[in-house]
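Working notes for the structure below.
The values are calculated or read from the model by the stated rules, or taken from the named source; none is laboratory data. Just so we're clear, the structure is a prediction, and the values are computed from it rather than from any experiment. Methodologically, a virtual Cβ is constructed for each residue, glycine included, from the backbone with ideal geometry; neighbour enumeration extends over all protein chains shown. Ligands, DNA and RNA are stripped out before the accessible areas are found, and what is left, the full protein with its side chains, is counted by its heavy atoms. Shrake-Rupley method; radii C 1.70, N 1.55, O 1.52, S 1.80 Å.
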Amino acid sequence: MRSNDFLRPALVNNALKAPLLRLSALERVADPVEQATAVLSKYPLCDRCLGRLFAGLGRGLSNAERGRALKLSILMRIHAAALAGQAPGYAKEVLTNMGQTAEGLYEQLFGSRPERRACYICNDKLDEFLESTPEKVARAVREWGGTTFLVGASVDPEVVQREEKLKAEFKLALGESIKSEIKREVGKRAQALGLRVDFARPDVVVLVRFPSGDAEPQPRRLMISGVYRKLRRDLSLSPREPSLNPLTSRLLEMTQSSRVGIKGLVRDERGVRALGLGIPVTFLLGGSRVRSAPPEGTVIESEGASLEVKGDAAAVADEDLSRRVRVYRCVIYAEGASPAEVKLAAESLKGREARQKVMGRTVSGVVREAACNIVGDLVECLISLDEKLYVMELVSGRGSEPSLSGLLGKEATCVEADLLGVISLR
Ligand SMILES: [Zn+2]
């Protein structure tokens, strides 16, 4: 029968001698079916990876639908041409590279099963990945006690490279990246499992890795800014080892965090209370399961230390430290000097530039204010000085020039000191 003639090997072989599709012509036409044919004449692609190269075409379609539609169009064109005895020369390659969709026609035209080829871009991993990963994302979000989430994607650079190379080679400008498809598809499917996507403030960000299929909840960083105060003299909060402190332990526990850092705290001297305006600081908490900072005005306390939550303290904690001053109240005693002499000498420090060598480091700064009252045998001074300077050393003279001891020629001691505030100079 005439209609079956094209099945005879000789006829098929003749048909395959038809000229190959000319790529230069495609550049002018930019017909998606012809472009897809050109791509498939060289690279095997799964439906999804083929469709993604044309993601900008058609609305409300998945890339898998786009890819399948393109493959079916090509398949029918080849079939029609073959029926007319004009199967194009690229038919064998294109049908092979289409995979399962074209198996039936290939067998009919060429009398054998096509060679099995994996998708050039995703190695046939993407469909399975999109099936199994959303469940892992949902599990991770629930494990972290969240209901809202956001998906981040990390794609093997070689996969991205192959996709980019292919787009460049065929000048395909309407494609979407595999990373963007993964984020969208996994997000959509995880939502179907009862979660809600939140782009602005997700409870948990889950990073999914392609092709491994790992889904890792990303530790979020929680910032709590406020004013730090301390009523006890025997405690101090170390900026380098902040976790060894009762207040910090309390914060870690409250926010279910695993790590903590502090910004804005230059030092918290042992023996010195921090009162009044306190020290503006920002605690940076890592791996927090609690997603938001306590409301403004909340006071978090532990063993005589406290943090009053204040959003605007963050700006101060960020300030250039050279622009901050510390205000201290110091009760001073100097053996062999009268309170009047001490007051006079202490007040003469006002406006002086001091150089100090403390713990091997040399710092310099200005004593901004020094005002004293005589209280019995003692002198109570309010001293404000650049934050880099140490008030105890300014009084005692250890490593400080000038110092109160130096000016008096007698040993002066700060018997009691309180920090009344850390203030920014505007
Ligand atoms: Zn693929």
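Close Cβ contacts (under 9 Å, 6 or more residues apart or on different chains) running from residues in segment 116-128 that are within 20 Å of residue 95 (Cβ to Cβ) to residues that are within 8 Å of the ligand (Cβ to nearest atom) and modelled with pLDDT under 95 are absent.
Residue 154 passes every criterion in (1) of a type in the set (Ser, Thr, Tyr); (2) within 14 Å of the ligand (Cβ to nearest atom); (3) under 17 Å from residue 183 (Cβ atoms) apart from (2). Exactly one residue out of 50, 105, 75 is in a helix (DSSP H, G or I), open to solvent by less than 50 Å² (accessible area, probe 1.4 Å) and within 16 Å of the ligand (Cβ to nearest atom): that is 50.
Highlighted here are the strands (runs of 3 or more DSSP E) found entirely within segment 250-314 that include at least 1 residues which are in contact with an Asp or Glu (Cβ under 8 Å, 6 or more places away or on another chain) and small (Gly, Ala, Ser): 272-286. Consider segment 142-159 and keep the residues that are modelled with pLDDT of 95 or more and outside any strand (DSSP E or B). The one that is least open to solvent (accessible area, probe 1.4 Å) is 159. Restricted to segment 110-141, and to residues there that are open to solvent by less than 10 Å² (accessible area, probe 1.4 Å) and within 16 Å of the ligand (Cβ to nearest atom), the residue that is farthest from residue 214 (Cα to Cα) is 119.
Checked against (1) in a strand (DSSP E or B); (2) in contact with a Gly (Cβ under 8 Å, 6 or more places away or on another chain), residue 209 meets all criteria but (2).
Within segment 332-359, being within 48 Å of the chain's Cα centre (by Cα) and either of a type in the set (Phe, Trp, Tyr) or surrounded by fewer than 19 Cβ atoms within 10 Å (Cβ to Cβ) (or both) holds for 350, 351, 352, 353, 355, 357, 358, 359.
Counting residues in segment 183-204 that are in contact with an Asp or Glu (Cβ under 8 Å, 6 or more places away or on another chain), touching a residue at least 60 places away in the same chain (Cβ under 8 Å) and in a strand (DSSP E or B) gives zero. The set of residues from segment 251-268 being open to solvent by 30 Å² or more (accessible area, probe 1.4 Å), touching a strand residue (DSSP E or B) at 6+ places or on another chain (Cβ under 8 Å) and not aliphatic (A, V, I, L, M) comprises 258, 259, 263.
The numbered conditions (1) of a type outside the set (A, V, I, L, M); (2) modelled with pLDDT under 95; (3) within 16 Å of the ligand (Cβ to nearest atom) are all true for residue 180 except (2). What about residue 139, is it basic (Lys, Arg), modelled with pLDDT under 95 and out of contact with any Lys or Arg (no Cβ under 6 Å at 6 or more places or on another chain)? Here the answer is yes, as residue 139 does meet what is asked. The selection criterion, being open to solvent by less than 20 Å² (accessible area, probe 1.4 Å), over 18 Å from residue 67 (Cα atoms) and away from the ligand (no atom under 16 Å from the Cβ), does not hold for residue 80.
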